[in-house]
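Engineer: For reference, the structure I am asking about is given below.
What follows draws every value from the coordinates through simple rules; no lab data is involved. Note that the structure is predicted; figures quoted are calculated from it, not measured. Quick reminder, even Gly has a Cβ in these numbers, built from the backbone with ideal geometry, and neighbours come from all protein chains shown.
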Amino acid sequence: MDPSQPLFADESTPPPKVPGVSTDGSDAPEAPVALDEEPRQEPPGSFLSSLPQFFVFPAILVATLTAIYLLLRMLAGATPDSVPELIHDLEAAGPHGRWQVLHSLATGLGHGTLDLDEVSSDELERIYTKFADEGDTPTERAQMQRYLLLVVAHKKDPRFTQRAIEALGSSDRDLRHAALQALGILADPAAIPALTVRLEGEDSNERLLALGALANIESEESLVLLQESLRSTDSIVARNAALLLAGEPHRDEAARPFVMHMLDRSGYDKDPGLEGELRELMDEDSREQARKAVVEQFLVSACRAAGALGDPAAVPRLENLREADPSMKVRSAAIDALRTLGSS
């Protein structure tokens, strides 16, 4: 690819769309974030919180489950449970209550307010085996497995890597997505072959989740896969690969020309991949607003990446964004990057 040209301006592969989410929040651990928000929220227990700040999901998977159980506890003045207490609640609850307890566990583990230090891997394996097949329908069983994976992954035990890899073979799309999130939390090099398959698969969400999981694995093999993803035919994956390589711990020189072109707003103008499957869900005005928000997220993230790379060659483009970009968020990010580069 010629880095002097805008990234994938004429490719047609769609970006990740929002996974199926029920209206009552009962059958999926994710829901779409408003497109005018910063891309820094994540699903309960997600590995996304450990990715660089500038990783972008056009319609990012986030945690907005209807948590009436947790809300009532807060209104009653209850303090957060410890992990052993929550596991006791898990054992005592009925099927519907169990996924609520698992949601609380996954959220606390993901935010770092809970840990699994007091729970052995054997105990977690027992819990997974006991409840993974609970439910009257395949959808209910897949829901339970999603939450279980997002909990046990935080133990970072290789046995749970295998559990997550097995779940990638499920016919339930949301379970496959949760399995990829779990593999990102586990950050086990043994998962690289399975993640490579998903990185090259047909599901756009799976490609992006696999990319994020690979970014968490510290190995030469995962680094090479990130570098190869710079030339992915999925423009969302390619741009995110550049952002990931620009951040810690890589600071990879291979990302520089790609980040530079991501600082050019015109480079996004002819990329239909930024709309993806939203084309089928929205009217023209809504699609345009969604597209603008996605471009804004990429520009903000590219500014941060340029600052992280410390490349003086980015200064003219950052100055142009500071002076002329229509988005206040982008102008602010450009100012921050210029300060980082020592040019105000």
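Engineer: Treat each spin label as a single point 7 Å out from the Cα along the C-beta direction, and report the Arg126 to Ala254 distance in nm.
Structural biologist: Taking the simple label geometry, Arg126 and Ala254 are separated by 4.6 nm.
Engineer: Sorting His88, His261 on the 10 Å Cβ count, fewest up front, what's the list? Walk me through the numbers on the way to the answer.
Structural biologist: Working: His88 13, His261 20.
Listing His88, His261 from fewest to most nearby Cβ atoms yields His88, His261.
Engineer: Still on this structure: For Cα pairs less than 8 Å apart in space and 6+ apart in sequence, what is the mean separation divided by the residue count of the range 91-163, i.e. the relative contact order in percent? Don't skip to the end; give the middle numbers.
Structural biologist: Numbers: 51 pairs, mean separation 23.7, N = 73.
For the range 91-163, the relative contact order is 33 percent.
Engineer: A further question follows. Checking the a/c ratio against 1.5 first, then a/b against b/c, what shape does the Cα gyration tensor give for the range 179-269? Write out the running numbers ahead of the final one.
Structural biologist: Details: a/c = 2.27, a/b = 1.46, b/c = 1.55.
Since a/c reaches 1.5 but b/c is at least a/b, the shape of the range 179-269 is classed as oblate.
Engineer: To continue, here is another question. Can you sort Phe160, Phe298 from fewest to most other Cβ atoms within 10 Å of each residue's own Cβ?
Structural biologist: Working: Phe160 25, Phe298 29.
Lowest to highest Cβ neighbour count: Phe160, Phe298.
Engineer: Moving to a separate point now. Report ³J(HN,Hα) in whole Hz for each residue of the range 301-314, in order, from the Karplus equation J = 6.51 cos²θ - 1.76 cosθ + 1.60 where θ = phi - 60°; Gly and Pro get x.
Structural biologist: Ordered by residue, 3J(HN,Hα) equals 5, 5, 4, 4, 5, 4, x, 5, 6, x, 9, x, 5, 7 Hz.
Engineer: Can I ask one more? If I model a spin label as a point 7 Å beyond the Cα along the Cα-Cβ vector, how far apart are those points for Glu220 and Glu85 in nm?
Structural biologist: Those two pseudo-labels are separated by 4.9 nm.
Engineer: Let me ask you something else. Which lysines, on any chain, are close to Lys270 with Cα under 17 Å apart, when same-chain ones fewer than 8 places away are left out?
Structural biologist: Answer for Lys270, where 17 Å is the Cα cut-off: Lys292, listed by chain and number.
Engineer: Give the order of Lys292, Lys155 when sorted by the count of other beta carbons within 10 angstrom, beginning with the fewest.
Structural biologist: Details: Lys292 16, Lys155 21.
The fewest-first ordering by Cβ neighbours comes to Lys292, Lys155.
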